[in-house]
Amino acid sequence: MDVGLLGQFVVNGMMLGMMYALVAVGFTLFFGVLDVIKFSHGDVLMVGTFAGFSTYLGMTAIGIDNAFIQLIGVLVISIGSMAILGAVIARYLVLPLKSAPPLNTLLVTLMLGTVLREAIRLFYPDGSNPKHFPALLPTDSWSLGSFTLRSDSVILLVGGLLVIVGVNMLINRTRLGLAIRAVAQDEETAKCMGINFKMIVLLTFALGSGVAAFAGVMNGLYYNEINFGMGLLLGVIGFSAAIVGGLGNIYGAILGGFLFAGLQTLGAVALPFASAYKDVFAFAVVIAIIAWRPTGLIAEKTSERV
Amino acid sequence: MTQSLKDKLVIILLAAVIAAFSITFIAIEEQVEIFALLVFAAALVLGGAKLGITASIAQSLARNERLMNFAFIAATIAVVFWFREDHFPLLMIATVLLYVIACCGLNIQFGFTGVVNFAGAAFFGVGCYTAAVLGDTSVPLLLVILLGGIIAAIVGSVLIIPVLRTRGHYAAVVTIAFGLLFRTFLEVNDTLGGPQGLGVSGMNLFGWDFNNNIEISENLEISFYMNYVVLALIMVVLTFVLMRRIERSWIGLNFDAVRLDETAAACFGINIKRWKIVAFTLGNFLAGTAGALYAMMLGFIAPSNFAFSDSLILVSIVLLGGMGSLWGTILAAGLVVLLPEKLQVIQEYRFLIYAVVMILILLFRPQGILPRGLRAYIPGWRG
């Protein structure tokens, strides 16, 4: 195969992997602290992207047209508002159902995802049509033979990497991270040690949702198109990635995200019959992996308490 | 008046009221009237609950289960007969009935055994596509319905190993991934029509063509949907009997044990894997049979009918009615299918409102509208 095309596939695959990993990190964080799945995560991402898009429109309308300032504004508003939304969801939908069966939490958040999706479709101006997301990053490109590397791809990849590293540092190196890990390990002991359980849960949900918003903006900047349904598939893929990697483990989420993107890319490149089957291939492999390692590649270290 | 006579009167009256309500609800078109009727019904139910009437009706029903079943079948027949000449109401009724069958399948999985399945629409879809592919061959069409179920069960058996090995969220992702895989597969597969879908030939039973109107006389021509309604009603009754038998037998007891505590059940020598396989396969079989008849009735199917959101609708019917509760499932299927069709005003907003209602139910009445009661052991019960 042509080297340039192969390089394109690699860059594209890495970009997808980065986005999936960012979404999966959220799932894994929520599961860590509360043992719940918040299925509206993908739609929170979508709302975050629309919030960023509105910010861009607003800033253009009041005459700020420096792309860098716009980018900062889009990121700040999008991440900030989604962090608040995530905490609100945790406070009013997830925490009240803490003692209910896990299926109920799953369904309630699934339904919330539908509410968010439909709300954007119906109430955002012309929300049912795809929107053109502006290219706010410099688009210079370097050519290496037949392979073209665009600077915005590089910036996005580096940005995504920084966020993942940052979240990892936050979890492993700070007092807040220590508290989150303590709550994840044993809620009651953590409470006894003077950790404000509710506050930590809300902060974790804010953190995860903010990361998702970043992934959404990243998605918008890369594809230059956003629509109200973009969150559903990203959410399901992020969830699968978190599961395949092993819930509750941040490295598992990253591994799962890149694995899924790798499978999709491999499906597109290597399947001889039709590259249209790449998603079928990726999901089939996911099912096979779960059958092989029922609690993910990096397994949860638990034993059953009777 | 003796107690048993009073019970019987109550049941017949209740069935008559339900039939009258359904007929009015399906027949009226004016949005204001529909809203008024809904508010009236809600007030009636809430008021009844406050005054304790609901509880005493429930007792009467529980004492005369047999009569209750027949009374409700009679009520359904009355409703169907009322709309004998109208295509659309009959189509809606048949859809409700087929959803009831598919949701009964999910009930065996979710409600009885606790096996999660978020790919209900996919197994329904396997049944649909079976009907589409086999409809043109010489296979008898009644057999095609059965085959729809069998093939759905066979397709489901691919998932048995991952479903058995996983629990909770991990099992959920297996079925969600399968549902997405199924739909993507249909969309890119050209032999199965791709995104445009396939036409399905209608039901034909021993030369009796289901897609022709039935002409009784000059001025009485019964809608051809009546054929499908009757067949679907027969299937619902069979499914209902099957479900009740399973629920009350040692099989149902094993299912319940597996759901409530796997470890304890295993300690008592119950083979968990066996019962999970039985429940998963049987549930998919029921969804597949419903799908096959649904495809024949609509005459056309496309991948967009079997999206993840359709699986969610099936799951929410089960949850709304109350896990494992058969009457609850029937009531919930009626509400979920009919409400959006009737409330044209909310047509655009129906998914939004529907999701909000589901959230409220999960928050404030997580056990569903008609929760399944405790196991009742009735000496001498014959069904």
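Could you check B:L312 against (1) farther than 27 Å from B:A58 by Cβ; (2) facing chain A (nearest Cβ under 9 Å); (3) surrounded by fewer than 21 Cβ atoms within 10 Å (Cβ to Cβ) and say which number it fails?
(3)
Scan the helices (runs of 4 or more DSSP H) fully inside segment A:158-243 and keep the ones with 2 or more residues being under 30 Å from B:F118 (Cα atoms) and not acidic (D, E).
A:175-185, A:197-223
Pairs only if they're at least six apart or on different chains, beta carbon under 7 angstrom, first in segment A:281-298 and more than 9 Å from chain B (Cβ to nearest Cβ), second in a helix (DSSP H, G or I) and surrounded by fewer than 19 Cβ atoms within 10 Å (Cβ to Cβ); list them, first residue then second.
Once the first residue is more than 9 Å from chain B (Cβ to nearest Cβ) and sits in segment A:281-298, its partners that are in a helix (DSSP H, G or I) and surrounded by fewer than 19 Cβ atoms within 10 Å (Cβ to Cβ) give A:I298/A:Y251.
Go through segment B:117-144 and give me each residue that's outside any helix (DSSP H, G or I), modelled with pLDDT of 85 or more and aliphatic (A, V, I, L, M).
Matches in segment B:117-144: B:A119 only.
Could you say which residue among A:G252, A:G256 is at pLDDT 90 or above and in a helix (DSSP H, G or I)?
On inspection, the qualifying residue turns out to be A:G256.
Could you look through segment B:145-204, keep only residues that are outside any helix (DSSP H, G or I) and modelled with pLDDT of 80 or more, and pick out the one that is nearest to the other protein chains (Cβ to nearest Cβ)?
Here the answer is B:T166.
Mind listing just one residue for me: the one in segment A:1-29 that is within 12 Å of the chain's Cα centre (by Cα) and of a type outside the set (A, V, I, L, M, F, W, C) and, of those, surrounded by the most Cβ atoms within 10 Å (Cβ to Cβ)?
A:G26
Does A:G32 meet the test of being surrounded by 24 or more Cβ atoms within 10 Å (Cβ to Cβ) and on the phi < 0 side of the Ramachandran plot?
No: the conditions fail for A:G32.
Of B:V278, B:V258, which residue is touching a Lys or Arg at 6+ places or on another chain (Cβ under 7 Å) and part of a helix (DSSP H, G or I)?
B:V258 is the lone residue from the list that is touching a Lys or Arg at 6+ places or on another chain (Cβ under 7 Å) and part of a helix (DSSP H, G or I).
Give segment B:60-108 a look and list any residue that's of a type in the set (G, A, S) and within 21 Å of B:I246 (Cβ to Cβ), or say none.
Within segment B:60-108, B:A62, B:A102, B:G105 qualify.
Hey, A:G4 hits all of (1) within 28 Å of A:V201 (Cβ to Cβ); (2) touching a strand residue (DSSP E or B) at 6+ places or on another chain (Cβ under 6 Å) but one; which does it fall short on?
The one condition A:G4 does not meet is (1).
Here's the yes/no breakdown for (1) of a type in the set (V, I, T); (2) loosely packed, with under 14 Cβ neighbours inside 10 Å; (3) under 23 Å from the mean Cα position of the chain (by Cα):
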site	(1), (2), (3)
B:F40	no, yes, no
B:L61	no, no, yes
B:N64	no, no, no
B:I77	yes, no, yes
B:W82	no, no, yes
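Among the residues of segment B:351-361, which ones are under 20 Å from the mean Cα position of the chain (by Cα) and under 18 Å from A:I120 (Cβ atoms)?
Across segment B:351-361, the qualifying residues are B:F351, B:Y354, B:A355.
Which of the residues spanning segment A:69-102 are hydroxyl-bearing (S, T, Y) and within 11 Å of chain B (Cβ to nearest Cβ)?
Within segment A:69-102, A:Y92, A:S99 meet the criteria.
Listed here are the residues, each with its yes/no results for (1) β-branched (V, I, T); (2) over 16 Å from the mean Cα position of the chain (by Cα).
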residue	(1), (2)
A:D43	no, no
A:G48	no, no
A:G52	no, no
A:L57	no, yes
A:I62	yes, yes
A:N66	no, yes
A:I69	yes, yes
A:I72	yes, yes
A:M82	no, no
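Among the residues of segment A:141-163, how many are closer than 24 Å to A:A215 by Cβ and either over 23 Å from the mean Cα position of the chain (by Cα) or not aliphatic (A, V, I, L, M) (or both)?
So the answer is 8.
Can you find a residue that is outside the structural domain of B:F25 (by TED's automatic domain parsing) and among the small types (G, A, S) anywhere in segment B:75-98?
Checked segment B:75-98: at least one residue is outside the structural domain of B:F25 (by TED's automatic domain parsing) and among the small types (G, A, S).
Would it be correct to say that A:S99 is of a type outside the set (A, V, I, L, M, F, W, C) and touching a helix residue (DSSP H, G or I) at 6+ places or on another chain (Cβ under 9 Å)?
Taking the combined requirement at face value, the residue does not satisfy it.
The values are calculated or read from the model by the stated rules, or taken from the named source; none is laboratory data. Predicted model only: the values in this text are computed from it and were never measured. Glycine also receives a Cβ, built like all others from the backbone with ideal geometry; neighbour counts cover every protein chain displayed.
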